[in-house]
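The block underneath contains the structure these notes are about, expressed in structure tokens.
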Amino acid sequence: MTVQIAIIGLGQIGSSIGLALKARGVNIPIVGHDKNVQAAKEAQRIGAVDDVKYNLPSSVRDAKIVVLALPFAAIRETLEVIAPDLQEGTLVLDTAPAKATVATWAKQLLPQGCYYVGLTPAINAEYLHGTDFGVRAARADLFEKGLVVVDAPMGTPEKAFTLAMDFVALFGAMPLLMDTAEADGIFAAMHFLPQLTAAALLDATVDKPGWQEARKLAGRPYASATAGLAYHDDIASLRGAVLENRENVVRLLNSFIVSLISLRDTIEENDQKAFAELLENALQGRMRWFDERLAAEWVKRETEPIDIPSFSERFFGSALSEGMKPRK
């Protein structure tokens with residue numbers, strides 16, 4: 001039996017993981033699956049996967065690592081379908097942004113002897129303004145100079161955790177260990193709040209008085225501000241993930257509303273100095289953040305190269321075998 005890596009979901013993230021592994025010389029067969037047959041064929045054509053399986057259970061049957069690069073709304077059903085066909089010792093990874101919920105599903109659904117570790121990637125800043133999506137947006141360097149949050153549930157065996165960390169480093173990112181509560185709080189702010197802000201702007205403008213003319217004139221600021229809802233999570237996944245993480249999201253929405261009210265009051269009072277300071281501080285903060293994100297000095301300081309032969313030994317050897325000690 002040939003031991004494999006399986007990537008379920010061959011959009012931007014899943015296909016980029018495959019391309020990155022191949023670009024770094026990982027000589028382990030990669031099998032892909034996507035419910036979109038054309039996306040699966042394209043992922044194979046560009047070299048992201050070696051083989052495509054159109055039957056979901058058969059795609060994971062020989063896999064030692066299974067990556068679920070899927071929308072949040074598809075994770076639970078996929079776990080239910082693949083669970084009976086996972087071999088003992090399989091490490092299941094996912095890239096959805098709601099970690100507490102997915103970890104709970106994995107605990108409920110994965111067979112004994114299989115392990116789950118959550119991943120959440122932050123991509124190379126060079127691609128943050130891209131508007132392509134799906135397999136067309138896949139790049140071998142998508143994760144370079146980027147971080148991937150690694151969230152290992154309590155009790156995860158140490159060798160499974162280490163394999164997950166090394167796997168992340170192999171596709172070009174720096175693994176960043178974070179607990180579930182912290183991860184869900186951060187991604188509520190950085191992932192969900194921008195999309196909900198876009199939804200609110202659209203709700204406040206589309207089909208409202210003046211829209212018939214405004215839609216003809218809406219330009220780059222409007223397109224940029226509303227893009228958060230157009231190029232990221234599908235609606236079912238955004239709805240589900242936000243509601244599962246609603247305590248963090250509501251807290252952040254309240255903070256955002258306070259900021260909006262302060263902005264409104266400053267304008268209403270015609271306080272030119274305060275308004276100018278607010279806008280300048282916001283602009284400088286944005287520029288500073290993006291410069292830091294592009295430079296990614298944290299990656300240069302902290303990343304250590306992963307030895308591919310050592311990874312292969314752990315992958316093919318006893319990394320996920322019996323007798324592993326759980327992390328505390």
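The values are calculated or read from the model by the stated rules, or taken from the named source; none is laboratory data. Predicted model only: the values in this text are computed from it and were never measured. Please note: Cβ atoms are built from the backbone with ideal geometry, for glycine as well, and neighbour counts cover all protein chains shown. For the accessible areas, the whole protein counts, side chains as well, though only heavy atoms, and no ligand, DNA or RNA atoms are used. Shrake-Rupley method; radii C 1.70, N 1.55, O 1.52, S 1.80 Å.
Can residue 281 be described as open to solvent by 60 Å² or more (accessible area, probe 1.4 Å), outside any helix (DSSP H, G or I), free of Cβ contacts under 8 Å to residues at least 12 places away in the same chain and out of contact with any Lys or Arg (no Cβ under 9 Å at 6 or more places or on another chain)? Working first, answer last.
On the way: open to solvent by 60 Å² or more (accessible area, probe 1.4 Å): yes; outside any helix (DSSP H, G or I): no; free of Cβ contacts under 8 Å to residues at least 12 places away in the same chain: yes; out of contact with any Lys or Arg (no Cβ under 9 Å at 6 or more places or on another chain): yes.
Against the criterion (open to solvent by 60 Å² or more (accessible area, probe 1.4 Å), outside any helix (DSSP H, G or I), free of Cβ contacts under 8 Å to residues at least 12 places away in the same chain and out of contact with any Lys or Arg (no Cβ under 9 Å at 6 or more places or on another chain)), residue 281 does not qualify.
Residues in the stretch 1-23 that are farther than 13 Å from residue 66 by Cβ, more than 19 Å from the chain's Cα centre (by Cα) and either among the polar types (S, T, N, Q) or buried (at least 23 other Cβ atoms within 10 Å of the Cβ) (or both): how many?
1
In the list 102, 66, 26, which residue meets the criterion of being assigned to a helix (DSSP H, G or I) and crowded, with 18+ Cβ neighbours inside 10 Å? Give the derivation first.
Details: 66 fails: assigned to a helix (DSSP H, G or I); 26 fails: assigned to a helix (DSSP H, G or I).
Just a single option satisfies the conditions, and that option is 102.
With the checklist (1) open to solvent by 60 Å² or more (accessible area, probe 1.4 Å); (2) free of Cβ contacts under 8 Å to residues at least 60 places away in the same chain; (3) outside any loop (DSSP other than H, G, I, E, B); (4) closer than 24 Å to residue 134 by Cβ in hand, flag the one item residue 35 doesn't pass.
(3)
Which pairs have Cβ atoms under 9 Å, sit 6 or more apart or on different chains, and link a residue in the stretch 115-129 that is more than 17 Å from residue 191 (Cβ to Cβ) to one that is among the hydroxyl-bearing types (Ser, Thr, Tyr) and open to solvent by less than 20 Å² (accessible area, probe 1.4 Å)?
115/90; 115/156; 116/156; 117/156
May I ask you to list the residues in the stretch 48-63 that are open to solvent by 30 Å² or more (accessible area, probe 1.4 Å) and assigned to a loop (DSSP other than H, G, I, E, B)?
Hits for the stretch 48-63 are 50, 53, 54, 55, 61, 62.
Pairs please, first residue from the stretch 183-199 and touching a residue at least 24 places away in the same chain (Cβ under 8 Å) and more than 15 Å from residue 148 (Cα to Cα), second anywhere and among the basic types (Lys, Arg) and open to solvent by less than 10 Å² (accessible area, probe 1.4 Å), Cβ atoms under 7 Å, 6+ apart in sequence or on different chains.
Sorted first by the residue in the stretch 183-199, then by its partner, the list stays empty.
Looking at (1) within 26 Å of residue 133 (Cβ to Cβ); (2) touching a helix residue (DSSP H, G or I) at 6+ places or on another chain (Cβ under 7 Å); (3) modelled with pLDDT under 95, which is the one condition that is false for residue 3?
Looking at each condition in turn, residue 3 falls short on (1).
Pairs under 6 Å by beta carbon, first residue over 28 Å from residue 11 (Cβ atoms) and surrounded by 12 or more Cβ atoms within 10 Å (Cβ to Cβ) in the stretch 211-236, partner modelled with pLDDT under 95 and of a type outside the set (D, E, K, R), six or more apart or different chains?
Short answer, once both residue conditions are applied: none.
Starting from residues that are closer than 27 Å to residue 24 by Cβ and not hydrophobic (A, V, I, L, M, F, W, C), keep the ones in the stretch 69-85 and report whichever is most open to solvent (accessible area, probe 1.4 Å).
It comes out as 71.
Only one of (1) assigned to a helix (DSSP H, G or I); (2) of a type outside the set (D, E, K, R); (3) within 30 Å of residue 186 (Cα to Cα); (4) at pLDDT 95 or above fails for residue 92. Which number is that?
The one condition residue 92 does not meet is (1).
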